[in-house]
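As structure tokens, the structure follows; a few thoughts come after it.
The values are calculated or read from the model by the stated rules, or taken from the named source; none is laboratory data. Computed from a predicted model, the values in this text were never measured in an experiment. Using ideal geometry, Cβ is built from the backbone for each residue, glycine included, and neighbour counts are taken over all protein chains shown. Quick note on the areas: whole protein, heavy atoms, side chains included, nothing else; ligands and nucleic acids left out. Shrake-Rupley method; radii C 1.70, N 1.55, O 1.52, S 1.80 Å.
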Amino acid sequence: MKRHLISAADLTRDDAVLILDTAEEMARVADRPIKKLPTLRGRTVCNLFFEDSTRTRISFEAAEKRLSADVINFAAKGSSVSKGESLKDTAQTLEAMGVDAVVIRHSASGAPYRLATSGWIDAPVINAGDGTHQHPTQALLDAFTMRRRLIGPDAGLGQDLGGRRITIVGDVLHSRVARSNVDLLHTLGAEVTLVAPPTLVPVGVETWPCEVSYDLDSVLPKSDAVMMLRVQRERMNAAFFPTEREYSRRYGLDGDRMARMPEHALVMHPGPMVRGMEITAEVADSGRCTAVEQVANGVSIRMAVLYLLLGGNEPAVSSPRTDRTEEK
Amino acid sequence: MSKILIRGAKVLGGEPQDVLITDETITAVGTDLTVSSAEGAQVIEADGKILLPGLVDLHTHLREPGREDSETVLTGTRAAASGGYTAVFAMANTFPVADTAGVVEQVYRLGQEHGYCDVQPIGAVTVGLEGKKLAELGAMHESAAGVTVFSDDGKCVDDAVIMRRALEYVKAFGGVVAQHAQEPRLTEGAQMNEGVVSAELGLGGWPAVAEESIIARDVLLAEHVGSRVHICHLSTAGSVEIVRWAKSRGIDVTAEVTPHHLLLTDELVRTYNPVYKVNPPLRTERDVMALREALADGTIDIVATDHAPHPHEDKDCEWAAAAMGMVGLETALSVVQRTMVDTGLLTWADVADRMSFAPARIGQATGHGRPISAGEPANLTLVDSAYRGEVDPAGFASRSRNTPYEGRELPGRITHTFLRGRATVVDGKLA
Ligand SMILES: [Zn+2]
């Protein structure tokens, strides 16, 4: 694996499967009475958030604490990036403090890549979402959720998503989740179809390893998982589509549409869900919707990524092996 | 009386000749100039080097007044001389904006005082570059600066009526409007060329059509009111097609291309290194090839640098926060040699046309862009075209170092520049 995790495209199939397998081990920790491993004891991880995202920050923080890392939360909310010096200055401060890893969230595409490659800092950099570019741990937790549901937690070990058909619906243009998922799911052997109105598909999408469709109904019956993306309300006034109602009618997921999906197919959502426009409450609350599991799986995936980038030599989870011996 | 004899230089890339400069003027050109006429002359052995008329840049940002931390008239003209230029046109987007006779005269006088390169100010088309009200174009023309080129560069004159009026108005004194073609609504939030790379990087797209639609509109406006229009920094294959069509129709349009658009593509943006952030953005390989071809066949008239200095801190940051622009005066001829001469697309005589004769004609820079013959002002540039070396920004005369070529090998080097017979560069160093 590379030193940093900037883009889902940086991962080979074997890297990705290793992360998913490691996350399965980490998930077992959550079932224990004491949900903590000593793996990163004495290491310091900084969560550097230039953009608000309580959900993602808490998920990383939980992962770091379960691995016994010391955590520094740096929220640069309100500090303007328009002058541009803040990222470099902050990086150099963290370097001076000797942090062992930086988890960065930034509203500018490419900021984590700059941080990792400009010589401002030496620690591994984990991208927790940059602009409309990438959000690799989100893609990993999505893939993890799919593998668990479609293959099974134990049966899935060592497996990829070869041959599975995944549909991603909504604002692809502005979505780092869509970009990361297309890259990772393709690497894992899945067939991806993007569904959106043409205004929300980027010019240049034709080189992506996926299909593009404007017609949700024709794609649903062939989907093993349907991932709904959030549509931000501000797009409404920017003429990306005529009205919320029309969007809902053409691209929203309701009970009727869900009924057209195969029995086993999942409904996924990166959250937070705005019920009504892109997904109805009926669908969101159904047993097929994995939104809540995705949150739990996020912690396991982030533990796995931190462990693999920072830990290294010892086994990630030593005590479960002891447990197993005791069981004998 | 001072005499300089340049011996054995390939004038415009032709057969070796001797060129005698007496005071400010070329007094003789020939083979084996007799000892008597050149007696007492300082001799410059120019064996095998190329002698060109002093280069003229129709598109330079000198930043003074207002952003002297990026560049000043002094540092900018020293950079220009180092790059072989004897005249530069200074864009109007300074602070204050060059939209009055007072500001343009100040910039003009600074150029004359420093003496490295003639500075011809460009006047703003509209007050404060705001696109709403015409600036006092006539007053700027009548000022000591004698402004002939008007541009809101950095911004597009996007209001069709204002553009029409400007084109009409400057006819009274033979001026030209130089348009930065960028439809503002289509480029809101634009960070790079819109296409395959922007889709992947998640950076806001600057579509080719935002440039092309303005060029199409402006050539039609120029035709309608019978005026002439100049298009700044063409960057797309589609723009080339529109200008080609306009010229075939007899519309009085001229166009420029920058050196960086002749060499670099948007693939470089994958590094997220803001040194590649420029407006208009770096385009695709296909666009680069179309631009080279158009410069070769004359559809694009000139090379202009769009020299855009920025201090280090405005580039040493994340892409979205970085300033747009690259310095270009000191590397322009090398890039043109690499992309146009070494590829066989242009001869050195063509280079003289695209980088001196034609820009001087478009901007009416009297005394520049003249033939190399007896009686002409001695504005000259001597080029060692056999030189190969890596670009080292540490040696730049420009106050800013935001070059995309750091560490790249480029051919050619300016060894001497003469402004009206006075050497501004000697053996590759500023005099
Ligand atoms: Zn411009």
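Brief remarks on what is shown
- Residue satisfying all of: in the stretch B:416-431; in a loop (DSSP other than H, G, I, E, B) and not hydrophobic (A, V, I, L, M, F, W, C); farthest from residue B:87 (Cα to Cα) among these: B:427
- Identification of helices (runs of 4 or more DSSP H) wholly contained in the stretch B:194-260 with 3 or more residues that are open to solvent by 10 Å² or more (accessible area, probe 1.4 Å) and of a type in the set (A, V, I, L, M) yields B:208-225.
- Identification of helices (runs of 4 or more DSSP H) wholly contained in the stretch A:208-307 with 3 or more residues that are loosely packed, with under 14 Cβ neighbours inside 10 Å and not basic (Lys, Arg) yields A:255-259.
- Long-range neighbours under 7 Å by Cβ, at least six apart or interchain, first residue within 14 Å of another protein chain (Cβ to nearest Cβ) and within 14 Å of the ligand (Cβ to nearest atom) within the stretch B:258-279, second of a type in the set (A, V, I, L, M, F, W, C) and not in a helix (DSSP H, G or I): B:277/B:322; B:277/B:324
- Residue within the stretch B:282-294 that is surrounded by fewer than 24 Cβ atoms within 10 Å (Cβ to Cβ) and outside any helix (DSSP H, G or I) present: yes
- Just one residue in the set A:160, A:154, A:183 is modelled with pLDDT under 95 and either open to solvent by 10 Å² or more (accessible area, probe 1.4 Å) or within 14 Å of chain B (Cβ to nearest Cβ) (or both); that residue is A:154.
- One residue stands out among those in the stretch B:300-314 that are open to solvent by less than 20 Å² (accessible area, probe 1.4 Å) and out of contact with any Asp or Glu (no Cβ under 8 Å at 6 or more places or on another chain): the one that is nearest to the ligand (Cβ to nearest atom), which is B:306.
- Against the list (1) in a strand (DSSP E or B); (2) in contact (Cβ under 8 Å) with a residue 60 or more places away in the chain, the condition residue A:20 fails is (1).
- Scanning the stretch B:57-70 finds no residues that are modelled with pLDDT under 95, aliphatic (A, V, I, L, M) and open to solvent by less than 30 Å² (accessible area, probe 1.4 Å).
- Filter pass, residue A:102 being farther than 23 Å from residue A:45 by Cβ and either assigned to a helix (DSSP H, G or I) or of a type outside the set (Gly, Ala, Ser) (or both): no
- Total residues in the stretch A:101-123, condition modelled with pLDDT under 95, touching a helix residue (DSSP H, G or I) at 6+ places or on another chain (Cβ under 6 Å) and more than 10 Å from every other protein chain (Cβ to nearest Cβ): 1
- Condition broken by residue B:132, with the remaining ones in (1) closer than 24 Å to residue B:103 by Cα; (2) within 14 Å of chain A (Cβ to nearest Cβ); (3) charged (D, E, K, R) satisfied: (2)
- Apart from one condition, residue B:326 fits all of (1) within 16 Å of the ligand (Cβ to nearest atom); (2) of a type in the set (A, V, I, L, M, F, W, C); (3) open to solvent by less than 10 Å² (accessible area, probe 1.4 Å); (4) more than 16 Å from the chain's Cα centre (by Cα); the exception is (4).
- Screening residue A:48 with (1) closer than 22 Å to residue A:91 by Cβ; (2) surrounded by fewer than 20 Cβ atoms within 10 Å (Cβ to Cβ) gives one miss only, at (2).
- Out of A:267, A:219, one residue alone is of a type in the set (A, V, I, L, M) and within 22 Å of the chain's Cα centre (by Cα). It is A:267.
- Yes/no for residue B:318 being over 16 Å from the mean Cα position of the chain (by Cα), within 14 Å of chain A (Cβ to nearest Cβ), modelled with pLDDT under 95 and open to solvent by less than 20 Å² (accessible area, probe 1.4 Å): yes
- Test: residue in the stretch B:10-32 that is of a type outside the set (Lys, Arg) and in contact with a His (Cβ under 7 Å, 6 or more places away or on another chain): no
- Scanning the stretch B:384-407 for residues that are within 8 Å of residue B:327 (Cβ to Cβ) and open to solvent by 90 Å² or more (accessible area, probe 1.4 Å) gives a single hit, B:401.
- Taking the criterion of being in contact with a Lys or Arg (Cβ under 8 Å, 6 or more places away or on another chain) and surrounded by fewer than 24 Cβ atoms within 10 Å (Cβ to Cβ), the residues of the stretch A:165-174 that qualify are A:165, A:174.
- On the stretch given as the stretch B:362-383, residues that are under 22 Å from residue B:145 (Cβ atoms) and surrounded by fewer than 17 Cβ atoms within 10 Å (Cβ to Cβ) total 3.
- Scanning the stretch A:1-45 for residues that are β-branched (Val, Ile, Thr), open to solvent by less than 60 Å² (accessible area, probe 1.4 Å) and either within 22 Å of residue A:136 (Cα to Cα) or not assigned by TED's automatic domain parsing to the domain that holds residue A:111 (or both) returns A:6, A:17, A:19, A:22, A:44, A:45.
- Of all the numbered requirements in (1) part of a loop (DSSP other than H, G, I, E, B); (2) farther than 23 Å from residue B:296 by Cβ; (3) open to solvent by 20 Å² or more (accessible area, probe 1.4 Å), residue B:413 misses one, and that requirement is (1).
- Any hit, the stretch A:81-98, residues being in a strand (DSSP E or B) and more than 14 Å from chain B (Cβ to nearest Cβ): no
- Given (1) more than 14 Å from chain A (Cβ to nearest Cβ); (2) closer than 18 Å to residue B:276 by Cβ; (3) part of a loop (DSSP other than H, G, I, E, B), number of the condition residue B:338 does not satisfy: (3)
- All positions within the stretch B:280-289 that are within 15 Å of the ligand (Cβ to nearest atom) and more than 14 Å from chain A (Cβ to nearest Cβ): B:280, B:282
- Just so you know, in the stretch B:147-186 the residues that are small (Gly, Ala, Ser) and surrounded by 17 or more Cβ atoms within 10 Å (Cβ to Cβ) include one that is nearest to the ligand (Cβ to nearest atom), and it is B:154.
- Of the residues in the stretch B:75-86, not one is within 16 Å of the ligand (Cβ to nearest atom) and surrounded by fewer than 24 Cβ atoms within 10 Å (Cβ to Cβ).
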